[in-house]
Amino acid sequence: MKKYKKKTIKWRDANAFSGWWHIEDMEPLAVESTGYVVRDDKECIILAAAVAENGQVNAAIYIPKQWIIK
């Protein structure tokens with residue numbers, strides 16, 4: 001089974017509101033995600049919560065590089 005590095009990424013995510021809000025209150029959210037790095041290139045990083053012995057991944061998130069804070 002391929003070994004993947006576990007990593008925590010801090011990044012900015014879009015934030016959606018419903019109902020009545022002041023426009024000044026709308027900001028992106030700072031988020032931390034932890035998972036196994038299954039892809040890391042100039043475009044994105046993909047973290048997966050679980051990796052199976054056959055190479056399949058579960059609960060993966062695609063984070064564009066320009067959204068990463070650190």
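The values are calculated or read from the model by the stated rules, or taken from the named source; none is laboratory data. From a predicted model like this one, the values you see are computed outputs, not experimental measurements. In this analysis, Cβ positions are derived from the backbone assuming ideal geometry, glycine residues included, and neighbour counts consider all displayed protein chains. In case anyone asks, the SASA skips ligands and DNA or RNA and just uses the protein heavy atoms, side chains included. Shrake-Rupley method; radii C 1.70, N 1.55, O 1.52, S 1.80 Å.
Numbers at a glance
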quantity: Some residue of region 48-69 being of a type outside the set (Asp, Glu), assigned to a strand (DSSP E or B), within 11 Å of the chain's Cα centre (by Cα) and loosely packed, with under 10 Cβ neighbours inside 10 Å; calculated: yes
quantity: Selection from region 1-46 of residues that are assigned to a loop (DSSP other than H, G, I, E, B), among the charged types (D, E, K, R) and closer than 17 Å to residue 63 by Cβ; calculated: 5, 41, 42, 43
quantity: Where a residue in region 47-70 is closer than 15 Å to residue 29 by Cα and its partner, wherever it lies, is open to solvent by 50 Å² or more (accessible area, probe 1.4 Å), with Cβ under 6 Å and at least six apart; calculated: 67/12; 69/10; 70/10
